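J.: Take a look at the following structure, please.
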Amino acid sequence: MQKLNVLILAAGLGTRLRPLTNDVPKPLVPVVDASILEQQMRKAKALGDITLHANAHYLADQVVAEGTRLGYEKIWVEPEILGTAGPLSRIYREGFRGGLLVMNGDAYCQFELMQFIENAKASGADFALLGVEFPKVNSFRVGPDGKLAGVARRFGSEEGEAATFSGISWYSDAALSRMDPKEFDILKFWEKEMAAGRAPFVDLSQRNALWIDMGSPEGLKAACDARRCELGIDSWCAGKAVADSRMCRSVVQYGVNLPADACLEDAILFDGAEVLPGEKVCKEIRGKGFAWKL
């Protein structure tokens, strides 16, 4: 029996999180106790017998090393950015079969992945996209048949139910076989499929589930807050949960010298962050050479 393939997209440059991502790729930035690369791995392996893939480009050696440690079967190193369609097509062309679940390496989310896959297959469509409610974006337009009708400002209809793409999708082998290996923009593939009468199913059954883009300072803070809530802890310091009156709703990673009389409130400190004796750090992310007020 062919295994389901799962791909975690981990090749991005992480420009919105620089200089934090000058030294560590975005999918490896710790969100409290674990990176998104690790958290997505856990969710994927809960599906059962799978083949787990990731792609890598920026600081690829780190992604390869961490992916290998976490048990990823295949890390696809890309000498150049291949968009989203590129790595999908590559996996199919290299002989992997069984369908492909795609997940972003910069999203903190709590979806029922098996439910999505089951809904996708039951729809009869060759591929499916998981939609969420995020009014700031909501570029999807979904028709009454549950299929993608258009993407705002790109193609198709401007009419229909609005939603945002979660970054999670499922592709059958039939859909993957039709991808042009020279075309990297996944939206162009969607557009061509729609023109051919093969519009993807858009699953909106989990549209109100937790979904956070952690690729910006505000998103990273929101993801860390959500992760603390999921773990049932107030604060996290150097690898363990803490209950300390000097720390309130804060995260301190390894490599931070925290003075005994300093205090934190809604703060995140990364390796190399500087904190002065007696200082109160509030609503801020700090690391080596930077401080972001939130």
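The values are calculated or read from the model by the stated rules, or taken from the named source; none is laboratory data. All values derive from a computational prediction rather than experimental measurement. Methodologically, a virtual Cβ is constructed for each residue, glycine included, from the backbone with ideal geometry; neighbour enumeration extends over all protein chains shown. Areas reflect the complete protein model, heavy atoms only, side chains present, ligands, DNA and RNA absent. Shrake-Rupley method; radii C 1.70, N 1.55, O 1.52, S 1.80 Å.
Residue by residue, here is whether (1) within 26 Å of Pro217 (Cβ to Cβ); (2) over 22 Å from the mean Cα position of the chain (by Cα) holds:
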| residue | (1), (2) |
| --- | --- |
| Tyr92 | no, no |
| Gln110 | yes, no |
| Met114 | no, no |
| Glu118 | no, no |
| Leu130 | yes, no |
| Leu148 | no, no |
| Val151 | no, no |
| Phe155 | no, yes |
| Trp170 | no, no |
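J.: Going by the structure shown, is Gly48 over 28 Å from Ala222 (Cβ atoms), open to solvent by 20 Å² or more (accessible area, probe 1.4 Å) and over 18 Å from the mean Cα position of the chain (by Cα)? Give the derivation first.
T.: On the way: over 28 Å from Ala222 (Cβ atoms): yes; open to solvent by 20 Å² or more (accessible area, probe 1.4 Å): yes; over 18 Å from the mean Cα position of the chain (by Cα): yes.
Yes; evaluated as a whole, the condition is true for this residue.
J.: Which residue pairs have Cβ atoms under 9 Å apart, sit 6 or more places apart or on different chains, and have a first residue in segment 1-12 that is at pLDDT 95 or above and a second that is part of a strand (DSSP E or B) and of a type in the set (Ser, Thr, Tyr)?
T.: What qualifies is Leu4/Thr51; Asn5/Thr51; Val6/Thr51.
J.: A further question follows. Can you tell me which residue within segment 241-294, out of those that are touching a Lys or Arg at 6+ places or on another chain (Cβ under 6 Å), more than 21 Å from Asp23 (Cβ to Cβ) and modelled with pLDDT of 95 or more, is least open to solvent (accessible area, probe 1.4 Å)? It would help to see each step written out before you state the result.
T.: To start, the set of residues in segment 241-294 that are touching a Lys or Arg at 6+ places or on another chain (Cβ under 6 Å) comprises 263, 266, 269, 272-273, 284, 294.
This time we only want the ones that are more than 21 Å from Asp23 (Cβ to Cβ), so: 263, 266, 294.
The next check asks that each one be modelled with pLDDT of 95 or more; those that pass are 263, 266.
Numbers: Cys263: 43, Asp266: 17 Å².
The qualifying residue least open to solvent (accessible area, probe 1.4 Å) is Asp266.
J.: Can you find a residue that is out of contact with any Ser or Thr (no Cβ under 9 Å at 6 or more places or on another chain), basic (Lys, Arg) and in a helix (DSSP H, G or I) anywhere in segment 15-24?
T.: no
J.: If you don't mind, another one. In the list Leu59, Leu28, which residue meets the criterion of being closer than 21 Å to Trp211 by Cβ, in contact with a helix residue (DSSP H, G or I) (Cβ under 9 Å, 6 or more places away or on another chain) and among the aliphatic types (A, V, I, L, M)?
T.: Values: Leu59 fails: closer than 21 Å to Trp211 by Cβ.
That would be Leu28, the only listed residue that is closer than 21 Å to Trp211 by Cβ, in contact with a helix residue (DSSP H, G or I) (Cβ under 9 Å, 6 or more places away or on another chain) and among the aliphatic types (A, V, I, L, M).
J.: Pairs please, first residue from segment 194-217 and touching a residue at least 24 places away in the same chain (Cβ under 8 Å) and under 28 Å from Arg16 (Cα atoms), second anywhere and open to solvent by 50 Å² or more (accessible area, probe 1.4 Å) and of a type in the set (D, E, K, R), Cβ atoms under 6 Å, 6+ apart in sequence or on different chains.
T.: Arg207/Glu133; Asn208/Glu133; Gly215/Arg16; Ser216/Arg16
J.: Here is a list of conditions, (1) within 28 Å of Pro19 (Cβ to Cβ); (2) of a type in the set (Phe, Trp, Tyr); (3) in contact with a helix residue (DSSP H, G or I) (Cβ under 9 Å, 6 or more places away or on another chain), and Trp170 meets all of them except one; can you say which number that is?
T.: Result: Trp170 passes all but (1).
J.: Restricting to segment 253-272, give me the number of residues that are out of contact with any Ser or Thr (no Cβ under 8 Å at 6 or more places or on another chain) and closer than 20 Å to Pro27 by Cα.
T.: 6
J.: Pick out, from segment 42-138, the helices (runs of 4 or more DSSP H) lying fully within it that include 3 or more residues that are at pLDDT below 95, touching a Phe, Trp or Tyr at 6+ places or on another chain (Cβ under 9 Å) and within 27 Å of Glu183 (Cα to Cα).
T.: Details: elements: 60-70, 85-93, 113-123.
Passing ranges, in order: 85-93.
J.: Can you run down the residue pairs with Cβ atoms below 6 Å, 6 or more apart or on separate chains, where the first is in segment 44-62 and over 21 Å from Tyr92 (Cα atoms) and touching a residue at least 12 places away in the same chain (Cβ under 8 Å) and the partner is aliphatic (A, V, I, L, M) and open to solvent by 50 Å² or more (accessible area, probe 1.4 Å)?
T.: Tyr58/Leu13; Ala60/Val77
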